[in-house]
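Read-outs throughout are calculated quantities, based only on the coordinates presented, and are distinct from any laboratory measurement. These numbers come from a predicted model, not from an experiment. We place every Cβ from the backbone using ideal geometry, glycine too, and count neighbours over all the protein chains shown.
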Amino acid sequence: MLRLLDALAFSGLWVATAAPVLVAATARAFGGAPDALALAFAFTGTYAVYGLDRLRDRASDVDSAPVRSAFVARHRGALLVATALAGGAAVACAFALGPRGLAIAAIAGGVGALHRKLKRRISVKGIYIAAIWLLVVLGCASIGTAPAAAAIAWSAAILGTALFANAIAFTARDREGIVARVGRRQAIAAAVGWSTIGSLVALTAAPAELRALGAIPIATLLTLVPIRFDERYAPLVVDGALIAGGLVACIVR
């Protein structure tokens, strides 16, 4: 069981699963059905970006994430193949989706490629990570649904707080950026605050058809209050909250 959990957490498969789930939840909140090609694009693109990041950062992750680093070292060949296949599939999906898919791929892929430099220069890396996730989720969810600008703005407010809180949790675990100065507990307090704001926005202010998206910041909040800083908690539980909240939002409309 531990090997299975490690495979989910450290291969990038679990976090990649969160992307199409969030796309599907958002598309349904927009009043449409999620586009199958957009779901495949979200999954394969996310897997490729995170897979590449794990492979490139294996040596530098030895101190901050020794268990993950060891997993990547043991399975480097399989991860290389899986990442390459996912990248190729994502490119094919982007071309099939047309200009919007290509634009999303270019921006998200570009930021992913620059992530190693950006995280050393930007103290609050959660800002650009959450922004790219929002681009992918809202961009893919809008394919075939044509949501109003107001619906996109409300969804960005709800999802953005959950994604930002998620990114802060990972930064706290790794003691990166501003967390090295303010401390882990202060960072998690900020993450709790952002996910609380997203929950309240969804439940009290957002249009009725978008309130189901509140399940995502609520689920995130529930994983941050009892936060643990071991290597498995954040990728399995905090990322798992995005999946669980997204699935709830798909069901509750």
- Taking the dipole about the Cα centre of region 2-251, with the C-beta of Lys and Arg at +1 and of Asp and Glu at -1, give me whichever of L203, W154, A219 is farthest to the positive side. A219
- Residue separation between K117 and R3 times 0.36 nm, minus their alpha-carbon distance, gives in nm 37.9 nm
- Result row for the chain, helices from DSSP H with C-alpha axial extent 15 Å or more and mean Kyte hydropathy at least -0.5, is 13-29, 36-56, 76-97, 99-121, 126-141, 149-174, 184-200, 239-251
- Note on the structure: Distribution output for the chain: share of Cα-Cα pairs per 5 Å bin in percent, first bin at 0, values 1, 7, 14, 19, 20, 18, 13, 7, 2, 0
- Query: Starting at 0 and stepping by 5 Å, how many percent of the alpha carbon pairs of region 167-253 end up in each bin?
  - Reply: 3, 16, 24, 22, 16, 11, 6, 2, 0
- Query: If r is the Cβ-Cβ distance from V67 to A150 and R0 is 51 Å, what FRET efficiency results, to the nearest 0.05?
  - Reply: 0.70
- Item | Efficiency of FRET from Cβ geometry, E209 and A78, R₀ 41 Å, rounded to 0.05 | 0.45
- Item | Gaussian network model of the chain, Cα within-10 Å springs - most flexible of A82, A148, A70 | A148
- Quickly estimate the mean residue ellipticity at 222 nm for the chain, helices only: each DSSP H run with n ≥ 4 gives -39500 (n - 2.57), and the total goes over all residues, rounded to 500. -24500 deg cm²/dmol
- Could you tally the net charge around V192, taking each other residue with its Cβ under 14 Å from the Cβ of V192, Lys/Arg +1 and Asp/Glu -1? +2
- Which FRET efficiency value, to the nearest 0.05, do you get for L200 and R175 by plugging their Cβ-Cβ distance into 1/(1 + (r/R0)^6) with R0 = 35 Å? 0.75
